[in-house]
Structures are given as structure tokens and as C-alpha cells.
Amino acid sequence: MKSTTVPLYKETKRLILRHLEPYDYENWSQAFSSMRPPQSEWDETSWTLSELTKAKFKEKLRKELKRRAADSAYELSVFRKDDGMLIGHVAIDGIIRGNFQNGVLGYRIFNNFWGEGYATEACAAAMQLAFKELKLHRVEAFIEPDNKPSLKVAKKIKLRKEGLSIRRVFFKKKWIDLSVFAATSEDYGIKYKFPLK
């Protein structure tokens, strides 16, 4: 697949998934400064004002655009339809083309919006974009084995558990294991045509 800077966009019943734009600065700053204290070891706290400058926001936009142009990663911010509030993001990252045609699903919903099913709704939409728009054949997700909410999301969006990746990531000064989940386009009823033209 050729590299692209064409924006991805997806609407669901309650959400809009799209790339950040320059006019999103205030919404972005508000979202990252108003979270509750961390609710789990994987959660983050609110960012400081020095991390939320317009200059840093513009740099973030440049980096996202560069990764899209390189066809290596696509980050989508998640907005609620009813009030336009930024509530998190999803990403298809680590894209490998050639004979693999796969990527890695990641997501984060800010902790003041937990418990509403937004993660499942956003991740399901991201999987559709991965297979239909990005033309990937396989999408993986790596989840800490004790992260019950993320394990539920994986199950709800029809990812199958494929095993345990031993000492997969260095986190908080130690190597930790991650459960491997995945789905292919066929699992979503999308026939894959290879090679791409």
C-alpha cells in the first residue's frame, strides 16, 4: 500500500473518530488536564500546563502526520457526538506491509469517561478502519494479563487470544508479559485480496 496522508474518519452511534486538527487545541488541553487520579497501574494522571502548550500540540500534529505519511501509524482521537468532547484515542500502530499486512491496536479512554462502553465502541470502529481503509489483513492487541477491562474489550470486539508473549515490554523498571490477541479481516467478514495493487 502506498503511503498516504488521507485522513481517516469514522462515526459510530455515540462517537466520532478522527485525526486531531489545529482547532482542537482547547479541547485537547482540557481533556488532558481534567482526568481523575490514576485508577490503575496502567492509567495516567493529568498533564501539567508545561506539557499542554500550543507549541507541543502543534508538534504532536506534525508527528502524527509524519507517521501517517510513512504508513506506520494512524492515531485517531475519540470525540463524543453529543457535546464534541475529546474522551480518548485509538491507534493502529506498528504497521508492517509486505507479506505481513498487519498492525497493532492500542487505545486509551480518559478515566473520567470509564464505564460507559466507549472503549469497545471506539475499538470496534478502529478495527473496521484497519481492515476496510488501511487494507490490513491482521490486527493484534497486547494486553497485560490482569487488565480485566481491556480483556473484556478484546472479547467484545471479537479478538481471539493467541498466547502469552513473555517479557514483552519494559514497564515500571521491569519486563512484563502481555497476552496476545488478534483478528484477521476474514474474522470480520472481509475477504482479503493479496497482493495489493
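In this structure residue 184 has an accessible area near 20 Å², from a 1.4 Å probe over the protein heavy atoms.
Taking a straight line from the alpha carbon of residue 58, these lysines sit under 18 Å away, with near neighbours fewer than eight places off in the same chain left out: 66.
Extension gain, residue 49-residue 162: 0.36 nm per intervening residue step, less the Cα-Cα distance, totals 36.6 nm.
Remark: for residue pairs 56/156; 54/161; 10/155, the C-alpha separation exceeds 30 Å in 56/156; 54/161.
Using a Gaussian network model of the chain in which every pair of alpha carbons under 10 angstrom is joined by a spring, one finds that among 174, 63, 152 the greatest mean-square fluctuation is at 174. Working note: 222 nm ellipticity from helices only, DSSP H runs with n ≥ 4, each -39,500 (n - 2.57), summed and divided by the residues of the chain, gives -8000 deg cm²/dmol to the nearest 500.
A DSSP coil position with no more than 11 other Cβ atoms inside 10 Å describes the following GluC sites (Glu not before Pro) in segment 1-92: 41. Here's the picture: charge each Lys and Arg Cβ at +1 and each Asp and Glu Cβ at -1 in the chain, and of 107, 25, 130 the one pushed furthest to the positive end of that dipole is 130.
Result for the chain in a Gaussian network model with C-alpha springs under 10 Å: among 88, 115, 106, the largest mean-square fluctuation is at 115. Summary value for segment 1-73: 36 percent relative contact order, contacts being C-alpha pairs under 8 angstrom separated by 6+ residues. Note on the chain: with a GNM built from Cα contacts shorter than 10 Å, the maximum mean-square fluctuation among 15, 164, 86 falls on 164. Setting aside same-chain residues fewer than 8 positions from residue 60, which aspartates and glutamates have a Cα under 13 Å from its Cα? Partners found: 21, 24, 51, 75. Label-to-label distance for residue 41 and residue 132 is 3.8 nm, based on points extended 7 Å past Cα in the beta-carbon direction.
Once you divide the Cα radius of gyration of the chain by 2.2 N^0.38 Å, the number left is 1.02. Against the criterion of solvent-accessible heavy-atom surface with a 1.4 angstrom probe, 177, 83 sort, most first, into 83, 177. Normalised by the number of residues in the chain, the average gap of Cα pairs under 8 Å and 6 or more apart makes the relative contact order 17 percent.
The values are calculated or read from the model by the stated rules, or taken from the named source; none is laboratory data. Just so we're clear, the structure is a prediction, and the values are computed from it rather than from any experiment. FYI the Cβ positions are ideal-geometry reconstructions off the backbone, even for glycines, and counts take in every protein chain you see. Just the protein is used for accessible areas: all its heavy atoms, side chains included, with ligands, DNA and RNA removed. Shrake-Rupley method; radii C 1.70, N 1.55, O 1.52, S 1.80 Å.
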